[in-house]
Amino acid sequence: MNPQQDNLSPDELAAEYVLGTLSATRRRMVEQRLPTDAALQAAVQRWQEQLLPLAALAEPVEPSAELWQRIDRSVAHAVAPRRTAIAPAPPPWWDRLGLWRGLAGAGFATAAILASVLVTRQGVLPAGPQYMVVLVAPQDKAPGWVIQASDTRQLSLTALGPVAVPAEKSLQFWTKGEGWSGPVSLGLVKPGQTITIPLDKLPPLQPNQLFELTLEPVNGSPLNKPTGPIQFIGRAVKVL
């Protein structure tokens, strides 16, 4: 059993159960508790409703026929000992093969779900976000920051972990909407910082709006545009 999973709160346990990141032992324990634990049932239901819309954030990419044959064989082998003469209930949404086919190759959707769980566990998830942006590193697509907005006039930027910035350098936050002449600076960001940024001087936040963090001189870009390499980048997705 993963020692880190021993310290999960009931809500975190439900989140990782729905996401499928629990160890096999812990997952069986949750399944044994669910029929009699009303609080855990409610938490699982709440996470289903929160994460299911994120499954539609990316276009599906169909894997090869050979891959699905191996998956089908694996699934059939895993469920065979549990089959009974009674018709089984429909599987929950996270166990449906069609859903995972839709998510295949959708790295952004996966990152969005993981970021949602991470941010919630840090206790900074605003209620009812309308937009979400997961800023990922261009090299390995690892999520590093998440942007959330409950309206189109203000957003929050939250680091998902430590970020190393070289001496005499800084992270500068930029955004660019469709039809804009160029990116607009949203200011400098300290590593690990969580900030709230008003957008009252910009057009309302829109789907697919670009956001990025670039490495700039210590006082920011000397020009009215990014000059350094992109450290994290992502686009806004409307989730409500």
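The values are calculated or read from the model by the stated rules, or taken from the named source; none is laboratory data. Here the structure is a predicted model, which means the values were calculated and not measured.
For the reader, a short list of remarks on this structure follows.
- Every residue from region 208-234 that is over 20 Å from residue 163 (Cα atoms) and under 26 Å from the mean Cα position of the chain (by Cα): 208, 209, 210
- Here is the figure for region 19-39: residues that are of a type in the set (A, V, I, L, M) and modelled with pLDDT under 75 total 1.
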